[in-house]
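Asks: If you scroll down you'll find the structure; I have some questions about it.
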Amino acid sequence: MTIINITQLKAGASGTVSSIHGGHGVTNRLDSMGIRPGMKVTKLSAQFMRGPVIIKVGSTQVAIGYGMAKKVLVEVE
């Protein structure tokens with residue numbers, strides 16, 4: 001298993017959130033969107049360069065900023 005951040009996932013790829021490297025503000029904001037350790041996420045798309053990253057958590061699609069996405073580490077097979 002490999003651990004990478006969400007920005008490194010290819011579009012359409014899935015992984016399980018292993019950890020979030022950020023302060024309380026980032027952790028709480030992601031938690032309110034359903035992105036927390038143990039959750040399976042699928043990267044749907046990313047804008048060219050450093051735009052927002054669209055991910056699917058459960059049946060919900062959320063867009064998070066590039067900087068925030070870099071702080072979410074996922075485990076992929």
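The values are calculated or read from the model by the stated rules, or taken from the named source; none is laboratory data. Predicted model, so just to flag it, every value in this text is computed and none were measured. Neighbour counts are summed over all protein chains in view; Cβ atoms, including those assigned to glycine, are modelled from backbone coordinates with ideal geometry. Accessible surface areas use protein heavy atoms only, side chains included; no ligands, DNA or RNA. Shrake-Rupley method; radii C 1.70, N 1.55, O 1.52, S 1.80 Å.
Asks: Can you name every residue in the stretch 9-38 that is among the polar types (S, T, N, Q), outside any strand (DSSP E or B) and either touching a strand residue (DSSP E or B) at 6+ places or on another chain (Cβ under 9 Å) or touching a residue at least 24 places away in the same chain (Cβ under 8 Å) (or both)?
Replies: Correct list: Thr27 only.
Asks: Now for a separate question. Output the residues belonging to the stretch 39-53 that are among the basic types (Lys, Arg), in a strand (DSSP E or B) and open to solvent by 30 Å² or more (accessible area, probe 1.4 Å).
Replies: Of everything in the stretch 39-53, just one residue is among the basic types (Lys, Arg), in a strand (DSSP E or B) and open to solvent by 30 Å² or more (accessible area, probe 1.4 Å), namely Lys40.
Asks: Then there is this: For the stretch 17-26, how many residues meet the condition of being buried (at least 16 other Cβ atoms within 10 Å of the Cβ) and not aliphatic (A, V, I, L, M)?
Replies: Within the stretch 17-26, residues that are buried (at least 16 other Cβ atoms within 10 Å of the Cβ) and not aliphatic (A, V, I, L, M) number 1.
Asks: Of all residues in the stretch 39-77, which are charged (D, E, K, R) and either over 25 Å from Met1 (Cβ atoms) or in contact (Cβ under 8 Å) with a residue 60 or more places away in the chain (or both)?
Replies: Arg50, Lys70, Lys71, Glu75, Glu77, listed by residue number.
Asks: Can I ask one more? For the stretch 54-68, give me the residue count where each residue is surrounded by 14 or more Cβ atoms within 10 Å (Cβ to Cβ) and either among the polar types (S, T, N, Q) or touching a Pro at 6+ places or on another chain (Cβ under 8 Å) (or both).
Replies: 3
Asks: How many of the residues in the stretch 1-16 are within 17 Å of Gly67 (Cβ to Cβ) and either open to solvent by 60 Å² or more (accessible area, probe 1.4 Å) or in contact with a Lys or Arg (Cβ under 8 Å, 6 or more places away or on another chain) (or both)?
Replies: 5
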